[in-house]
Amino acid sequence: MGTFGDYIAQYGYGALFGLFFLGILGMPLPEETLLVFSGFLVSTGKLEYWPTFFVCFLGSVTAMTAAYWIGRTLGYAFLERYGKRLGMGYTVYKKTEEWFNRVGKWALPLGYFIPGVRQFTAYFAGITRLPFPTFMLYTYLGGLFWSLLFVTLGWQLGERWDELFDLIARNLAIFFIALLALIAAWSYFRHKANVKKQLRRDQNE
């Protein structure tokens with residue numbers, strides 16, 4: 001964080017935007033730690049609260065939007081053209097696509113809080129051609145809450161941010177993983193129930 005602090009001190013808010021943009025696109029950067037560290041810099045007076053929050057939010061959602069369109073234009077075309085040669089892998093992809101179109105939109109906001117997940121949800125949303133307005137709604141709201149929460153945490157924790165951040169982030173990740181699993185389970189059983197209802201209607205007709 002000392003290195004990042006020097007970089008941010010030298011290049012300001014532009015450095016923050018670039019770090020979040022590259023981190024969300026897939027570079028191995030600690031985005032949540034950067035958020036809280038940025039909040040800490042606010043508490044020391046080196047940064048201002050609202051510009052810091054806005055730049056972190058804008059960097060993350062801009063990267064998510066870029067990842068969505070990369071997935072939609074390149075990933076979808078590649079899988080549709082060459083995917084059938086993958087055999088079983090293509091079948092799994094199509095089933096995952098069906099699931100993502102039903103439930104995957106919830107992975108967009110919740111995935112922000114799960115390290116290693118947020119970097120992939122936007123790409124997959126594009127590959128599965130989730131409607132862009134739906135993508136924007138869930139992604140931008142998730143990014144708004146994520147940025148606001150962690151910047152505020154860093155600001156309020158001040159010098160103690162390094163002591164408490166790992167515990168808070170870990171518990172939040174566990175909570176959102178459990179919540180996403182519950183949504184997936186609910187969707188699965190609801191889908192099964194709808195299939196059974198449709199079969200009964202077809203039999204009655």
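For L167, the test of being assigned to a helix (DSSP H, G or I), free of Cβ contacts under 8 Å to residues at least 12 places away in the same chain and closer than 30 Å to T44 by Cα is passed. Among residues of the stretch 56-76 that are within 14 Å of G143 (Cα to Cα) and in a helix (DSSP H, G or I), those with a beta-carbon under 7 Å from a residue that is at pLDDT 90 or above and open to solvent by 10 Å² or more (accessible area, probe 1.4 Å) at least six positions away or on a different chain give the pairs F57/L144; L58/F17; G59/F17; G59/F21; V61/Y140; T62/F21; A63/F21.
Hey, any hits in the stretch 61-70 for a residue that's at pLDDT below 90 and of a type in the set (S, T, N, Q)? Looking for residues that are at pLDDT below 90 and of a type in the set (S, T, N, Q), one finds none in the stretch 61-70, hence no. The selection criterion, being closer than 21 Å to L25 by Cα, open to solvent by less than 30 Å² (accessible area, probe 1.4 Å), out of contact with any Cys (no Cβ under 6 Å at 6 or more places or on another chain) and not assigned by the TED database to the domain that holds Y49, holds for A169.
The values are calculated or read from the model by the stated rules, or taken from the named source; none is laboratory data. Not measured: the values here are computed from a predicted model. Note that each Cβ is placed from the backbone with ideal geometry, even for glycine, and that neighbours are counted across all protein chains shown. Ligands, DNA and RNA are stripped out before the accessible areas are found, and what is left, the full protein with its side chains, is counted by its heavy atoms. Shrake-Rupley method; radii C 1.70, N 1.55, O 1.52, S 1.80 Å.
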